[in-house]
Amino acid sequence: MTLPRQTAPRPDESLPTVQTVRPVRLPEDRRHMIRRRWATAIVIVLLIGIPAGYLVISAEQSRRSGRDKEQESSATGLREHWPSKMKRRVFEVPIPAKSTEVAYYETSNWKSSRLYVTFRTTAAGLDTFLTKVGTSRSELRTGEVSIGHRDAATAGWTFGPESAWSGTTHQEKAPRPTQDITADLSDPSSPKVFVVSTATP
């Protein structure tokens with residue numbers, strides 16, 4: 001007796017079909033949601049707050065610097081302080097080291113800028129100062145005050161007859177400044193020097 005021939009099962013039919021099961025996303029609990037929102041808020045604050053803080057600090061520093069410059073430019077009379085190195089370089093007023101009683105005042109307008117400086121130095125310090133300016137003690141004229149009345153009034157200086165004055169004017173072509181220099185040589189070993197340096201654009 002002949003049995004009917006059975007066909008062999010196909011490979012894909014012999015194995016059960018595997019279906020991909022997507023994980024079920026559980027609903028976010030309240031604690032996790034609050035934590036996530038706090039983290040997001042902190043990141044936003046850091047991204048926005050830090051640059052904004054830098055801007056505020058920078059603006060305050062600029063305002064403070066502007067106020068300082070405004071106070072200096074609007075001040076009347078001498079300031080008992082050394083002018084900055086930049087001012088000394090621009091106006092070519094090389095105050096000798098170890099000078100005392102140093103004071104200065106600066107004015108500026110569209111025509112010219114002036115630096116008023118006074119200091120006390122030694123005899124050698126005066127010689128060094130005059131040499132660096134471009135002049136010498138031999139150029140000082142005895143009994144002469146080279147600083148005009150208007151500049152003296154601006155700085156609050158009084159050149160009375162009781163002192164031994166000597167003065168000179170060292171003139172340069174613009175834009176280099178011109179210096180009016182007057183020294184009180186009542187005490188030759190400790191002269192007091194008055195300078196008005198004028199720079200024009």
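The values are calculated or read from the model by the stated rules, or taken from the named source; none is laboratory data. These numbers come from a predicted model, not from an experiment. The protein model used for the area step is the full one, side chains on, heavy atoms only, and it has no ligands, DNA or RNA in it. Shrake-Rupley method; radii C 1.70, N 1.55, O 1.52, S 1.80 Å.
Accessible surface of segment 97-201, 1.4 Å probe: 51 percent of it comes from carbon and sulfur atoms. Rolling a 1.4 Å probe over the heavy atoms of the protein chains gives segment 127-201 an accessible area of 53 Å² per residue. From the cross-link list 132/173; 87/111; 98/192; 132/192; 111/132, which pairs have alpha carbons spaced over 20 Å apart? Flagged as over cut-off: 111/132.
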